[in-house]
1. What accessible area per residue comes out for the chain, rounded to a whole number of Å², with a 1.4 Å probe?
2. Give, rounded to the nearest 20 debye, the magnitude of the charge dipole that the chain has about its Cα centre when Lys and Arg contribute +1 at Cβ and Asp and Glu contribute -1 at Cβ.
3. Quick check: at a probe of 1.4 Å, how many percent of the accessible area of the stretch 224-352 sits on carbon and sulfur atoms?
4. Only four residue types carry charge here, +1 at the Cβ of Lys and Arg and -1 at the Cβ of Asp and Glu. Report the dipole size of the stretch 134-173 about the Cα centre in Debye, rounded to the nearest 20.
5. Take the Cβ-Cβ distance between Ile116 and Met284 as r, set R0 to 35 Å, and report the resulting FRET efficiency rounded to the nearest 0.05.
6. Mind checking the full-extension length gain between Thr294 and Arg66? Use 0.36 nm per residue of separation minus the Cα-Cα distance, one decimal, nm.
7. Where nothing but the Cβ of Lys and Arg (+1) and of Asp and Glu (-1) is charged, how large is the charge dipole of the stretch 17-69 around its Cα centre, in debye to the nearest 20?
8. May I ask you to give the average projected area over all directions of the convex hull of the Cα atoms of the stretch 28-174, in nm² rounded to one decimal?
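The values are calculated or read from the model by the stated rules, or taken from the named source; none is laboratory data. Source: prediction; values computed, not measured. Cβ: placed from backbone, ideal geometry, glycine included. Neighbour counts: every protein chain shown. Ligands, DNA and RNA are excluded from the accessible area calculation, which covers all protein heavy atoms including side chains. Shrake-Rupley method; radii C 1.70, N 1.55, O 1.52, S 1.80 Å.
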Amino acid sequence: MSDLRFMTAGESHGSTLTAILEGIPAGVKINLDSINNDLFRRQQGYGRGGRMKIESDKVEIVSGVRFGETIGSPITLLVKNRDWENWQKKMSVFGEPFGDKVTAVRPGHADLVGVIKYDRNDARDILERSSARETTMRVAIGGICKEFLRACNIEISSRVENYEKLKKKIDEAKSKGDTVGGIFEVTIKGVPIGLGSHIQWDQKLDAKIAMAMMSIQAIKGVEIGAGFKCADLFGSQVHDEIFYNDSTKKIYRKTNRAGGIEGGMSNGEDIIVRAVMKPIPTLMTPLKTIDLATKQQVSASKERSDTCAVEAAAVVGEAMMAFVIAQAMINKFGGDSLNDILEFLKVYNSRQ
Ligand code: EPS
């Protein structure tokens, strides 16, 4: 099998968040501390709300790893929600409904559409799953993928744009009961040439990247390299000229406006992806909405939430990119054992 896939499960205030990752080759060393460190990073950031004071996310691995190494079987990951203690009755798996229903659906959230689509009369049935709390498991999955990529000398990092300016905006928003979004950038170094393919629409690496990034809660736009700036530039200002170094015998570029991708394939330069997150739709000074039970005009419901979660989203962006690149590596270089992949990679790299 040469594919990598994952699925997450769990409600924001349920007992446990779960994920299964299948297709990581055997022989990858797993360091729980570095995965937990990413979980910790996801919980940080200026503008985070009260929930993060309750949780201290730690992952437990219950299958697919033996004596610290992957064995090729599906990896099951769990993170316990500490807040579950306070929600046991409201989120009980069986028994009678308990607590007020959420009916003042929030503009911008999944509440309204979800209630109609799934035929629920309590938006809690929707918001519990649409919450960005789900990204905890994506970060845990990404942590495993990063371990595999590290073994292949591929490293991922991220940064939030205009951070100092953003902090001021967060302070202003908080004082007004409002929220703010922002932009983050993910960089992947060490990606071999030729991940993805120009042959078919759904094999293009940039298409997979865009889907993975857009799947993160509240993301409204994704760009690769020069991205939307391309609209204002001439071709001569966009494309990265190609050179050859006689002494190192290597092809190289002086610029990377392509963001590491040409023709739907990695070109060996750093992959650079940026994403914009909209402001979180839970406002402490709520917007106007309809109460679904009475159809009266009311203020949208207020849940404890964050003023800004762009720093957290950047960590989730790293995780999603780790998954996409790991999947593309496994598609290209085969998947059963890490040693086989590293051997193939050595032969492949020597022909450039
Ligand atoms: C989040 C946990 C949530 C929110 C946030 C993200 O916890 P709670 O709802 O208990 O405060 O802080 O979720 C949202 C912004 C949202 O719109 O649902 C997390 O772990 O990232």
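1. Per-residue value: 52 Å².
2. Result for the chain is approximately 660 debye, rounded to the nearest 20.
3. Heavy-atom surface of the stretch 224-352 belonging to carbon and sulfur, 1.4 Å probe: 55 percent.
4. It comes to approximately 60 debye.
5. 0.85
6. 76.5 nm
7. Dipole of the stretch 17-69, to the nearest 20 debye: 260 debye.
8. Its Cα hull, projected and averaged over all orientations, spans 12.3 nm².
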